[in-house]
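Encoded as structure tokens, the structure appears first; notes follow it.
The values are calculated or read from the model by the stated rules, or taken from the named source; none is laboratory data. These numbers come from a predicted model, not from an experiment. Positions of Cβ are backbone-derived with ideal geometry, glycine not excepted, and every protein chain shown enters the neighbour counts. Only protein heavy atoms, including side chains, enter the accessible area calculation; ligands, DNA and RNA are left aside. Shrake-Rupley method; radii C 1.70, N 1.55, O 1.52, S 1.80 Å.
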Amino acid sequence: MVKGIITAVITFIVLLLVAAVLVMGYLGIMPGVSSLMGSDKPRDLGITATSQDYQTMVTKSGVTVGALPSDTLPADSLTFSGSRVVNTFYTSEELTAFVNQTDYKYKPVKNFQVRINSDGTVECSGIFDIKVIQDFITASSGNSEISQYWDKYSRYFLSNPAFYVKCTPSMTNNHLSLQVEKFELGRFSIPQAALDELTSKLITLTDGILNHIPGLSVNSITMVNGKAVFNMVGHKYISIATP
């Protein structure tokens, strides 16, 4: 009798552990299992970006990007100077190239793609670089609320998960308006209640970044005919800590 109970308990624990591993693999946070499930690979949005797209993006923005030493602390890893009016548009390829080819030490995403659709929706995919996200928050906004929010959940990630998001964004007077239609972590769709909270945190983080950067004034950013249209006052020079 006792032996049977012990066997049943051990079997239950083993099944529970197996289920936990499978769930984490599905979410894209368990090494090995995630690879087998394909949940550590970002969704392909069909955007192919080149070095020419990066140069076009830089030319349009009028920004000169300089390098800071790799041992620069996160809080000092982004510096801005000069002023320049930016009245232009960027394509999906240009934005994709800019994110992937900017060699910033605390860049929180890898293998990134963004696709701006004709209906004004935006799709993004990539892989989160878990180990630098806290440093990125410190560097870009220093927002303690977002830092604590990330610290609360970061312990559950054992590897870098893929992500996919579909949303409708716009920006007016340094404030982000955002409707998130779908957010996938690995191959798991975030439930609506959690999605609402996440959307709120994304808005807080983005607004914090915009207001943390001195001299940055975004009049508007809108999605028009598959392009991101920028009307803003930005900087001539940006220096970033490199790996």
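Pro74 meets each of the listed conditions (1) open to solvent by 50 Å² or more (accessible area, probe 1.4 Å); (2) in contact (Cβ under 8 Å) with a residue 24 or more places away in the chain; (3) not aromatic (Phe, Trp, Tyr) apart from (1).
Evaluate the following for Thr72: is it under 23 Å from Ser140 (Cβ atoms), modelled with pLDDT under 90, outside any helix (DSSP H, G or I) and not acidic (Asp, Glu)?
Details: under 23 Å from Ser140 (Cβ atoms): yes; modelled with pLDDT under 90: no; outside any helix (DSSP H, G or I): yes; not acidic (Asp, Glu): yes.
In short, no.
Contact map, the range 187-207: residues that are among the charged types (D, E, K, R) paired with residues that are open to solvent by 60 Å² or more (accessible area, probe 1.4 Å) and assigned to a helix (DSSP H, G or I), Cβ distance under 9 Å, separation 6+ or inter-chain. Pairs shown: Arg187/Tyr26; Arg187/Met37; Lys201/Glu145.
Gly234: at pLDDT 90 or above, of a type outside the set (A, V, I, L, M, F, W, C) and open to solvent by less than 30 Å² (accessible area, probe 1.4 Å), yes or no?
In short, no.
The residue of the range 77-116 that is nearest to Ile209 (Cα to Cα), among those that are without any contact (Cβ under 8 Å) to a residue 60 or more places away in the chain and of a type in the set (D, E, K, R), is Lys107.
Only one of Arg115, Arg187 is in contact with a Phe, Trp or Tyr (Cβ under 9 Å, 6 or more places away or on another chain) and among the charged types (D, E, K, R); which?
On the way: Arg115 fails: in contact with a Phe, Trp or Tyr (Cβ under 9 Å, 6 or more places away or on another chain).
Exactly one residue qualifies, and that residue is Arg187.
Tell me which residues, restricted to the range 50-66, are open to solvent by 40 Å² or more (accessible area, probe 1.4 Å), of a type in the set (A, V, I, L, M, F, W, C) and within 13 Å of Glu93 (Cβ to Cβ). Those that are open to solvent by 40 Å² or more (accessible area, probe 1.4 Å), of a type in the set (A, V, I, L, M, F, W, C) and within 13 Å of Glu93 (Cβ to Cβ): none in the range 50-66. Note on the range 75-90: among residues that are more than 22 Å from the chain's Cα centre (by Cα) and either in a helix (DSSP H, G or I) or not basic (Lys, Arg) (or both), the one that is nearest to Asp44 (Cα to Cα) is Thr88.
Within the group Asp44, Asp119, which residue is of a type outside the set (Gly, Ala, Ser), touching a residue at least 24 places away in the same chain (Cβ under 8 Å) and within 28 Å of Glu181 (Cβ to Cβ)? If you could, list the steps in order and put the result at the bottom.
Values: Asp119 fails: touching a residue at least 24 places away in the same chain (Cβ under 8 Å).
After ruling out the rest, the residue left standing is Asp44.
For first residues located in the range 147-175 and more than 21 Å from Ile127 (Cα to Cα), partners that are part of a strand (DSSP E or B) and of a type in the set (S, T, N, Q) and lie 6+ apart or on another chain with Cβ distances below 6 Å form the pairs Ser170/Ser177; Ser170/Thr222; Thr172/Ser220. Since Gly215 meets every condition but one in (1) surrounded by 14 or more Cβ atoms within 10 Å (Cβ to Cβ); (2) closer than 25 Å to Asp135 by Cβ; (3) touching a Gly at 6+ places or on another chain (Cβ under 9 Å), which condition does it not meet? In the conditions (1) surrounded by 14 or more Cβ atoms within 10 Å (Cβ to Cβ); (2) closer than 25 Å to Asp135 by Cβ; (3) touching a Gly at 6+ places or on another chain (Cβ under 9 Å), Gly215 misses (1) alone.
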